[in-house]
Amino acid sequence: MKKFSKSFRHAVDGIHHAARTERNFRIELLLAVLAIGLTVIFPLSPVERTVVCLVIGTVLAFELMNTAFEHLMDMLSPQFHARVKIIKDLAAGSVLLVSFSAAVIGIIIFGPYIVALFS
């Protein structure tokens with residue numbers, strides 16, 4: 001159990017570090033809080049709530065992995081290198097794709113409720 005709690009603490013430290021130092025992660029956390037707030041306000045089904053939680057977790061996890069790749073590549077190659085740029089661009093692209101998918105899912109789930117508010 002001691003090993004698990006130590007591993008858990010390191011994971012929390014990583015999330016805390018990203019929240020303190022990474023602007024995009026903070027923006028995504030803010031959007032996550034907004035999405036969770038909407039799940040409280042609107043009468044979503046359990047499946048819809050589950051999808052929202054999975055999407056939030058996926059976006060945040062991809063952002064953490066992107067940040068880890070960036071730090072690793074900066075450490076391995078402090079000077080500009082074309083291949084390092086490609087690796088970092090690919091990692092950032094994965095976050096962009098997941099974020100775009102999350103936005104589409106958010107529109108699909110929350111859109112009808114928001115439209116109903118203004119109808």
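The values are calculated or read from the model by the stated rules, or taken from the named source; none is laboratory data. Quick caveat, the model's predicted, so the values are computed rather than measured. All accessible areas refer to the heavy atoms of the entire protein, side chains included, with ligands and DNA or RNA removed. Shrake-Rupley method; radii C 1.70, N 1.55, O 1.52, S 1.80 Å.
Structure values in brief
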{"quantity": "Surface accessible to a 1.4 Å probe, Arg26 within the full protein complex, Å²", "calculated": "100"}
{"quantity": "Two-decimal Rg to Rh for region 40-117 - Kirkwood Rh, Cα set", "calculated": "1.19"}
{"quantity": "Residue-normalised accessible area of the chain, given per residue in Å² at a 1.4 Å probe", "calculated": "73"}
{"quantity": "Carbon plus sulfur fraction of accessible area for the chain, probe 1.4 Å, in percent", "calculated": "75"}
{"quantity": "Extended-chain gain in nm, criterion 0.36 nm per residue less alpha-carbon gap, Lys2 and His81", "calculated": "24.3 nm"}
{"quantity": "Degrees separating the helix 46-76 axis from the principal Cα axis of the chain, which is the longest one", "calculated": "20"}
{"quantity": "In Å², nearest 10: area of Met65 left accessible to a 1.4 Å probe", "calculated": "110"}
